[in-house]
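See below for the structure under consideration.
The values are calculated or read from the model by the stated rules, or taken from the named source; none is laboratory data. Given the structure is predicted, the values throughout are model-derived calculations rather than measurements. Neighbour counts run over all protein chains shown; Cβ positions are idealised from the backbone, glycine included. Side chains are part of the model used for accessible areas, which takes the heavy atoms of the whole protein and leaves out ligands, DNA and RNA. Shrake-Rupley method; radii C 1.70, N 1.55, O 1.52, S 1.80 Å.
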Amino acid sequence: MRNRVQPEVERYGAPAQLLHWLTALLVLGVFAVGFYMVGLNVSPLRLRLFSYHKWIGVTVFALALLRLAWRLVAPPPALPATMPAWERQAAAIGHRLLYLLVLAVPLSGWLMSSAKGFQTVYLGVLPIPDALAKNPPLGAALEAVHWGLNKMLLAMVCVHIAAALKHQFIDRDGVLLRMLPRRQRTGSA
Ligand code: HEM
């Protein structure tokens, strides 16, 4: 444990925080729906959940693009000076992998759906053109790719959460606070 009191830290701005927590919520939601729906027998509920799963996936993809664009406008704040070089490097690699996976997972889902012959209609109103012609063997191969990438994303999210908790409860260096809104101080000085 390095120090007891959490230091004041430079935080991500409100738009970056909002995009981060919205993505986190949607990624957890898309996993939950995905794991649940694949165990169901063919039924209207299964079809509806497949649609919800695709819509959330498309939203996660769009939010990832938005986050990357916003990152150019508002670069992340500097990390605490106490953070060792290996940890800075690990964080940079981890964040890049997370961005890569939140883009690659929905993309692989879209390719898989197209090859299986099921078009994605975002929110039931916006048809997304198929990326590939119908090709069931390719669809089956892409299903394995989608599943593999999902396992990688799940593993990365677990590592990411473990790192955030380590910073909060072991290092106590305020890194988790960077992604949280500043609490208003109350009472008189
Ligand atoms: C579930 C899906 C999640 C995804 C895909 C995700 C992704 C990311 C990415 C890509 C960044 C880098 C942001 C940037 O610099 O552009 C980031 C930062 C961060 N995330 Fe997450 N995150 C998730 C969940 C969480 C959770 C549950 C926590 C807390 C327990 C958390 C805590 C943080 C913190 C503290 C940072 C800032 C780290 C720093 O200052 O370098 N994240 N996240």
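Local charge for residue 16 was computed over the other residues whose Cβ lies under 15 Å away, with Lys and Arg +1 and Asp and Glu -1, and equals +4.
Please check: in the Gaussian network model of the chain (C-alpha springs, under 10 Å), which one of 17, 89, 168 has the largest mean-square fluctuation. In the Gaussian network model the winner is 89.
Sorting 170-176, 159-165 by average packing, meaning the other beta carbons within 10 Å per residue, from highest down gives 170-176, 159-165. Taking all protein chains together, 21, 110, 86, 55 sort by accessible area into 86, 21, 110, 55, largest first [probe 1.4 Å].
The dipole here belongs to the stretch 14-179: it is taken about the Cα centre, uses +1 on the Cβ of Lys and Arg and -1 on the Cβ of Asp and Glu, and is about 120 debye. Computed over the chain, the per-residue total of -39500 (n - 2.57) for DSSP H runs of n ≥ 4 gives a 222 nm mean residue ellipticity of -22500 deg cm²/dmol, rounded to 500.
First compute the accessible area of the chain with a 1.4 Å probe, then give the percent of it belonging to carbon and sulfur atoms.
Working: 8550 of 11980 Å².
Reported share for carbon and sulfur atoms: 71 percent.
For the stretch 14-179, the number of Lys pairs with C-alpha atoms closer than 22 Å, counting only pairs eight or more positions apart or on separate chains, is 5. Amide hydrogen proximity for residue 122: with H placed 1.01 Å from N in the peptide plane, the residues at 5 or more positions away or on another chain lying under 5 Å are 128. Normalised per residue, the accessible area of the stretch 14-179 is 58 Å², obtained with a 1.4 Å probe and no contribution from ligands, DNA or RNA. Using the alpha-carbon centroid of each, what span in Å lies between the stretch 67-105 and the stretch 127-156? Between the Cα centres of the stretch 67-105 and the stretch 127-156 lies a distance of 26 Å.
Only protein heavy atoms count here; under a 1.4 Å probe, residue 51 has an accessible surface of about 40 Å². The largest accessible area among 182, 88, 46, 96 belongs to the first residue in 96, 182, 88, 46, and the rest follow in falling order (1.4 Å probe, all chains).
I need the shape label for the stretch 48-160. Rule: rounded when a/c is under 1.5, else prolate if a/b > b/c, else oblate, with a, b, c from the alpha carbon gyration tensor. Don't jump to the answer; show the numbers that get you there.
Numbers: a/c = 3.08, a/b = 1.94, b/c = 1.58.
In terms of gyration-tensor shape, prolate.
Taking all protein chains as shown and a probe of 1.4 angstrom, residue 169 keeps an accessible surface of around 120 Å². The accessible-area ordering, largest first, of the residues 8, 143, 87 stands as 8, 143, 87, per a 1.4 angstrom probe. Over the heavy atoms of residue 20, what accessible area does a 1.4 Å probe trace out, to the nearest 10 Å²? About 30 Å², ignoring ligands and nucleic acids. Working from the Cα coordinates of the chain, the gyration tensor eigenvalues give, after taking √(5λ), semi-axes of 37, 17, 16 Å in decreasing order.
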